[in-house]
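One structure below.
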Amino acid sequence: MHRLVVRLIMVAFSVVTVIANGEENLKFPKDFKWGVATCEYQNSGSTKCPDSNWAHWEQQEGAIKTGEISGESTCHYDNEQRTIQQIKALGCNTYRFSVEWSLIEPIQGEYNEEVIDHYSDFVDELLANGIEPMITLHHFSHPQWFEELGAFEKTENNKFLVLFAKKMFNRLSDRVKLWVTINEPGVYAAQGYYWADFPPGKKLINRQVFKPTATVVKNLMMAHASMYGTMKRELNGRECQIGLVHQFLKFMSANILTQPFTTHLTYVYHKGIFEFLKSGEFKFGYRFGLGKEEMKIKKAKEMMDFIGINYYTMPLVKAEMKMNFENTTCDEEAGEYMTDMPFRAYPQGLGEVIRECHEELGLPIYITENGAPDREDKFRGRWIRDHLKQVSDAIADGCDVRGFYYWTLNDNWEWDRGYSQKFGLYEYDFETHRPTLREGSREYVRIIRESK
Ligand code: GCO
């Protein structure tokens, strides 16, 4: 309550800046956090992280649609200064990145202190450059030994992630104030167990189809709750905010025939989790033939200090589809367009989910990922402006959005799609290892500059 009052006073007194941005007016509080988001595995690849489940997975025939392996990617781990200079050139004052568990604990129980020191030094460097770190503890990649133990298929494995979280938190929470436990539990479970195109690629466990999706989501939620509780107990008076990042992936139907399918998919990726966050009651798979799992633990408010929204699209489905979006479309008459993945640009969806979170969860909000794959840089600037307009409008309506992290800094490894998707604000030359700011990205730079 006290924090809420302080926050309201701060918002009331903070000078709100108006940006003359074409016909649109974008307004952000003075203390708004401007960021970019990355993931270590996607940027350091299997060369640096050979003990990751992803390094093992991508070697399998057919696992990666482009037939590539991640290799060195953008050599993120060994280029801290370059990363920092790139972030500064954008005018950003915060950076979301992941600490790679498979590098830190490549063998169960054996921590590599050098790697932990590396992240600690990186945090110091970020802070010295006026960039606030936001750390993600689990971003799809984890040690292969954890995968071989059954990862989140078994509740008893959660303790390994909790121990890792505790170790990193104790080392860095004197300086890192923003923490994400798990990135996109819904996507992790759906890709790994429902579609089976991410590791471990299992649709069937004990002959029960789809049951694993429900079990894995449930265990991820329990892992989050345990991480949160453990980290909070380690605070010792420090002020840290700990949250969960969820992708708000809702599917819409282009025609009535696809409605049962879109309802089902929305449930798998989003609704089952969101209902749980609202009520504390988990009834995953209920009525959806997913294998039933039930539990009652805590509501979002009791187990997170903020919600991280990852938002890209609300796919418009025209026929039964696989997760490669091949049967999705857009409404061109309404000014919509397709990105390269291809999914449609649907900025109003971001406004909708921000309002939904504000009303239903009542927690501070960070937009922890938003961005577009746009190889030719045809619409990046427009995408950025349109999505930030939604954020600005939601703030004007009273939603407590505290920051925005663009996905992502450089073109990088897009999981099962290899290097085919160009999400970078910087175009990355994988031969010379040189990043170049894209024209469209200047819109982000401009909006940030004018909001300060
Ligand atoms: C995810 C991730 C990122 C992706 C990004 C673009 O949503 O899968 O958090 O790792 O690269 O979303 O697809």
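Can you confirm whether Met341 is farther than 19 Å from Val180 by Cα, open to solvent by 20 Å² or more (accessible area, probe 1.4 Å) and within 16 Å of the ligand (Cβ to nearest atom)? Considered against the rule, which asks whether it is farther than 19 Å from Val180 by Cα, open to solvent by 20 Å² or more (accessible area, probe 1.4 Å) and within 16 Å of the ligand (Cβ to nearest atom), Met341 comes out as yes. What pairs come out if I take residues in region 301-318 that are in a loop (DSSP other than H, G, I, E, B) and pair them with residues that are of a type in the set (Asp, Glu) and away from the ligand (no atom under 16 Å from the Cβ) whose C-beta lies under 9 Å away, six or more apart or interchain? These pairs meet every condition: Met314/Glu352. For region 148-158, a tally of residues being assigned to a helix (DSSP H, G or I) and in contact (Cβ under 8 Å) with a residue 60 or more places away in the chain returns 6.
Applying the criterion of being in contact with a Ser or Thr (Cβ under 6 Å, 6 or more places away or on another chain) and under 23 Å from Gly418 (Cβ atoms) to the residues of region 149-206, the residue that is modelled with the lowest pLDDT is Tyr194. Of the residues making up region 119-145, those that are aromatic (Phe, Trp, Tyr) and closer than 25 Å to Asp31 by Cα number 1. Do we have Gly289 as of a type in the set (Gly, Ala, Ser), away from the ligand (no atom under 16 Å from the Cβ) and either within 30 Å of Arg402 (Cα to Cα) or at pLDDT 95 or above (or both) here? Against the criterion (of a type in the set (Gly, Ala, Ser), away from the ligand (no atom under 16 Å from the Cβ) and either within 30 Å of Arg402 (Cα to Cα) or at pLDDT 95 or above (or both)), Gly289 does not qualify. In the set (1) more than 18 Å from Phe164 (Cα to Cα); (2) surrounded by 15 or more Cβ atoms within 10 Å (Cβ to Cβ), Asp78 fails one condition alone, (2).
Of the residues Leu137, Leu161, Leu127, Leu103, the single one that is within 16 Å of the ligand (Cβ to nearest atom) and either under 25 Å from Glu369 (Cα atoms) or out of contact with any helix residue (DSSP H, G or I) (no Cβ under 9 Å at 6 or more places or on another chain) (or both) is Leu137.
Among residues of region 383-432 being polar (S, T, N, Q) and over 18 Å from Thr368 (Cα atoms), the one that is farthest from the ligand (Cβ to nearest atom) is Thr432.
Would you confirm, using the coordinates I've provided, whether Ile307 is buried (at least 16 other Cβ atoms within 10 Å of the Cβ) and touching a Leu at 6+ places or on another chain (Cβ under 6 Å)? The answer is yes for Ile307.
Residue-by-condition table, conditions (1) open to solvent by less than 20 Å² (accessible area, probe 1.4 Å); (2) more than 16 Å from the ligand (Cβ to nearest atom); (3) under 28 Å from Ala37 (Cα atoms); (4) out of contact with any helix residue (DSSP H, G or I) (no Cβ under 9 Å at 6 or more places or on another chain):
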| site | (1), (2), (3), (4) |
| --- | --- |
| Gly186 | yes, no, yes, no |
| Gln191 | yes, no, yes, no |
| Trp195 | no, no, yes, yes |
| Lys218 | no, yes, yes, no |
| Met221 | yes, yes, yes, no |
| Met231 | yes, yes, yes, no |
| Ile242 | yes, yes, yes, no |
| Phe251 | yes, no, yes, no |
| Pro260 | no, yes, no, yes |
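Taking region 428-452 as the range and being among the acidic types (Asp, Glu) and touching a residue at least 24 places away in the same chain (Cβ under 8 Å) as the test, the residues that pass are Glu439, Glu443, Glu450. Quick check: is even one residue across region 329-350 under 30 Å from Glu239 (Cα atoms) and either in contact (Cβ under 8 Å) with a residue 12 or more places away in the chain or of a type in the set (Phe, Trp, Tyr) (or both)? Within region 329-350, one or more residues are under 30 Å from Glu239 (Cα atoms) and either in contact (Cβ under 8 Å) with a residue 12 or more places away in the chain or of a type in the set (Phe, Trp, Tyr) (or both).
Tallying residues that are out of contact with any helix residue (DSSP H, G or I) (no Cβ under 7 Å at 6 or more places or on another chain) and farther than 15 Å from Ser420 by Cβ within region 49-67 yields 6.
The values are calculated or read from the model by the stated rules, or taken from the named source; none is laboratory data. This one's a predicted model, so the numbers in the text were calculated from it and none came from an experiment. A quick note on method: Cβ atoms are made from the backbone with ideal geometry, for glycine too, and the neighbour counts reach across all protein chains shown. What goes into the accessible areas is simple: the full protein's heavy atoms, side chains included, and nothing from ligands, DNA or RNA. Shrake-Rupley method; radii C 1.70, N 1.55, O 1.52, S 1.80 Å.
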